[in-house]
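Trainee: Below are the structure tokens for one structure; questions will follow.
The values are calculated or read from the model by the stated rules, or taken from the named source; none is laboratory data. Computed from a predicted model, the values in this text were never measured in an experiment. Positions of Cβ are backbone-derived with ideal geometry, glycine not excepted, and every protein chain shown enters the neighbour counts. To get the accessible areas, we keep the full protein, side chains included, count just its heavy atoms, and leave off ligands, DNA and RNA. Shrake-Rupley method; radii C 1.70, N 1.55, O 1.52, S 1.80 Å.
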Amino acid sequence: MEKGKKLSILDLRAMKEKKEKIAWLTSYDFPTAQFAEAAGMEMILVGDSLGMCVYGYEGTVPVTMEQCLVHSEAVRRGAPNTFVVGDMPFMSYQRSDEDAVWNAGRFLKEAGVDAIKLEGGKRVISRIRAILDAGIVVCGHIGLTPQSSGQLGGHKAQGRTLDSAKLLVEDALAIEGAGAHLLLLEAVPPEVAGFIAKRLKIPVFSIGAGPYCDGQLLIVSDLIGQFQAFTPKFVKRYANVAEVVTNAMKDYVKDVKAGAFPADEHCYHMVKGEDSKFEEFVRTLK
Ligand code: KIV
């Protein structure tokens, strides 16, 4: 794909057809969005994982539309040429098709995202259809769906038995059948995810669903080693920002205590000639 050009769903579909893998990462703020765009990320998800990664909640359930919109706006500003997906938080679409359309629309109008993502399979098909009818690009999300992890018995991989795999295939076909443009599989065995990716025409992404999907998604805070609470099995850590930042802060504390910071180069001196006038002024005060 042409460097620096924002991709459309047609480009993403063409990449699938050409077997060109798509790189997708979460981001929640302006600077990481800038880094992601500079790194050549093809897509960014402003995930409701911001609840844990930014706000320190235990899960995604408390995350609000307002929080998602504020972070999506910041990401949009940081990555104006990247395909940005807004993540619909818990209770922004569960109650009715009307709520789903309204809140999906807010992501586009107020934050300027390119698409929205919502969790669930057959049970959210009417929501997906309603959002599509409003002209909005939709990404489905099945497998481990954190917003309903209570019903799954916790944050557990899905599709590990035949019955569970069949349900995932049915959900995936229903989501594509409803007209969704993209699908994300979370914590699904590679053999099941690979089958779904091959069977569907829309791009299918993996987060913990193995290498056979059309693209991969990771949580930025896991990738850079910023999120400390736990590390899911599927994460590959590419940096240890927590260590780098903590060490930098320790050095700062040390320098402040020792009077080694600030040095002369960090100071704004008086304009030439004004310093002697100031000394004169000080003398008059004595
Ligand atoms: O919120 C998020 O980042 C997500 C991923 C876990 C898939 O939905």
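Trainee: Could you say which residue among Asp87, Asp29, Asp114, Asp48 is surrounded by fewer than 23 Cβ atoms within 10 Å (Cβ to Cβ), closer than 30 Å to Val169 by Cβ and of a type in the set (Asp, Glu)?
Mentor: Every option except Asp114 fails the conditions.
Trainee: Enumerate the pairs (first residue in the stretch 125-139 and over 17 Å from Arg13 (Cβ atoms); second residue anywhere and open to solvent by less than 30 Å² (accessible area, probe 1.4 Å) and assigned to a loop (DSSP other than H, G, I, E, B)) with beta-carbon separation below 6 Å, excluding pairs fewer than 6 apart on the same chain, so at least 6 apart or on different chains.
Mentor: That search, which allows pairs on different chains as well, returns Arg127/Tyr93; Ile128/Ala180.
Trainee: So, one more: Which one of these does Asp275 not meet: (1) open to solvent by 100 Å² or more (accessible area, probe 1.4 Å); (2) among the charged types (D, E, K, R); (3) away from the ligand (no atom under 16 Å from the Cβ)?
Mentor: (1)
Trainee: Give the residues of the stretch 118-166 that are within 16 Å of the ligand (Cβ to nearest atom), open to solvent by 30 Å² or more (accessible area, probe 1.4 Å) and of a type in the set (A, V, I, L, M), sorted by residue number.
Mentor: Leu152, Ala157
Trainee: Something else: Is it the case, given these coordinates, that Thr32 is hydroxyl-bearing (Ser, Thr, Tyr) and farther than 27 Å from Gln151 by Cα?
Mentor: Considered against the rule, which asks whether it is hydroxyl-bearing (Ser, Thr, Tyr) and farther than 27 Å from Gln151 by Cα, Thr32 comes out as yes.
Trainee: Here is a further query. Looking at this structure, is Thr26 in contact with an Asp or Glu (Cβ under 7 Å, 6 or more places away or on another chain) and closer than 12 Å to Ile219 by Cβ?
Mentor: Against the criterion (in contact with an Asp or Glu (Cβ under 7 Å, 6 or more places away or on another chain) and closer than 12 Å to Ile219 by Cβ), Thr26 does not qualify.
Trainee: Take the residues in the stretch 193-231 that are touching a strand residue (DSSP E or B) at 6+ places or on another chain (Cβ under 9 Å) and among the β-branched types (Val, Ile, Thr), then tell me which one is surrounded by the fewest Cβ atoms within 10 Å (Cβ to Cβ).
Mentor: Here the answer is Ile202.
Trainee: Can you tell me which residue among Gly135, Gly86, Gly143, Gly150 is among the small types (Gly, Ala, Ser) and within 23 Å of Asp29 (Cβ to Cβ)?
Mentor: The conditions single out Gly86.
Trainee: In the stretch 1-101, which helices (runs of 4 or more DSSP H) lie fully inside it and hold 2 or more residues that are within 15 Å of the ligand (Cβ to nearest atom), within 16 Å of the chain's Cα centre (by Cα) and within 24 Å of Val124 (Cα to Cα)?
Mentor: Where helices (runs of 4 or more DSSP H) fall fully within the stretch 1-101 and carry at least 2 residues being within 15 Å of the ligand (Cβ to nearest atom), within 16 Å of the chain's Cα centre (by Cα) and within 24 Å of Val124 (Cα to Cα), they are 50-53, 65-78.
Trainee: Being open to solvent by less than 100 Å² (accessible area, probe 1.4 Å) and in a loop (DSSP other than H, G, I, E, B) is the filter here; which residues of the stretch 238-257 pass it?
Mentor: The answer is Ala239, Asn240.
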